[in-house]
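Where a number appears in this text, it was derived from the coordinates with a stated rule and is not lab data. Since this is a predicted model, take the numbers as computed values, not measurements. Note that we place each Cβ from the backbone using ideal geometry, even for glycine, and neighbour counts take in every protein chain shown.
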Amino acid sequence: MKSLVILANGLFPQTERTLKLLREADAVICCDGAAAKLIDFGITPYSIVGDLDSLPENITENYRSILRKEEDQQTNDLTKAFKAALEYIAENHTDTVHILGATGLREDHTLGNISLLADYSKECPCPIDIVTDFGRMVSIHCTSQIEGTVGREVSIFAFDNSLRISSEGLQYPTDGVVFNSLWPATLNKVEKSPFKLTLSHPADVILFFEEF
């Protein structure tokens, strides 16, 4: 399995599960704010992406050949790194993309990064997820069969209060849930894998799986 990691400048991975993804990646595309942490960890990124204004001078000098300056203020650093990832994928066989460091530290960055996963999953030609020290997030857009760990919690988030989702294989049926806030379909539990979510119409849905 060929994997690409996008490392954002949230909480640097702490658990063996997330650190393993970082160590075993075939390439790491790094938001500029996380570059020093990644290099101190002992990994040289494939590229460092961002406006580059906040990079320490030693990194600017020693890693000049892999710097990619992106000054577009209409997108955040994670999206700039994702665009670089799409170029990498077009040139290199890639089976999966893991986004690390997307959560933690500032809550506004966390919420923004998670919501962007829905857009990224529609553009990315291979599976993409956000992996944290506590779980994993994926996005679906239509009726889907989804693998999960039996007995573990799963939370469902949507941004469309006209959407209805019926479920098979979860402890609590979701048929009556109105997605008018973030909380109504949280803390469900996988009883059968794969489980099925039937969407009333195409929509952006994000799933959080408890993993540790």
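The table that follows gives values for the structure above.
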read-out	value
Tally of Lys pairs whose C-alpha atoms are under 19 Å apart, taken over the range 3-133, 8 or more apart or cross-chain	7
Centroid-to-centroid separation of the range 95-118 and the range 1-80 [C-alpha atoms, Å]	14 Å
Prolate/oblate/rounded label for the range 3-133 (Cα gyration tensor, a/c 1.5)	rounded
Environment charge of Glu191, counting only residues whose C-beta is closer than 13 Å and scoring Lys/Arg +1, Asp/Glu -1	+2
Extended-chain gain in nm, criterion 0.36 nm per residue less alpha-carbon gap, Gln145 and Asp175	9.2 nm
In the range 110-192, chymotrypsin sites (Phe, Trp or Tyr not before Pro) in a DSSP loop with at most 10 other beta-carbon atoms within 10 Å	none
Segments 58-66, 135-143, 14-22 sorted - mean Cβ within 10 Å per residue, highest first	135-143, 14-22, 58-66
C-alpha long axis of helix 77-91 to longest principal axis of the chain, angle in °	90 degrees
Virtual spin-label span in nm between Leu105 and Gln73, 7 Å along Cα→Cβ	2.1 nm
Separation between Cα centres of the range 163-212 and the range 124-160, rounded to whole Å	10 Å
Separation of the Glu168 and Ile66 label points, Cα + 7 Å toward Cβ, nm	4.7 nm
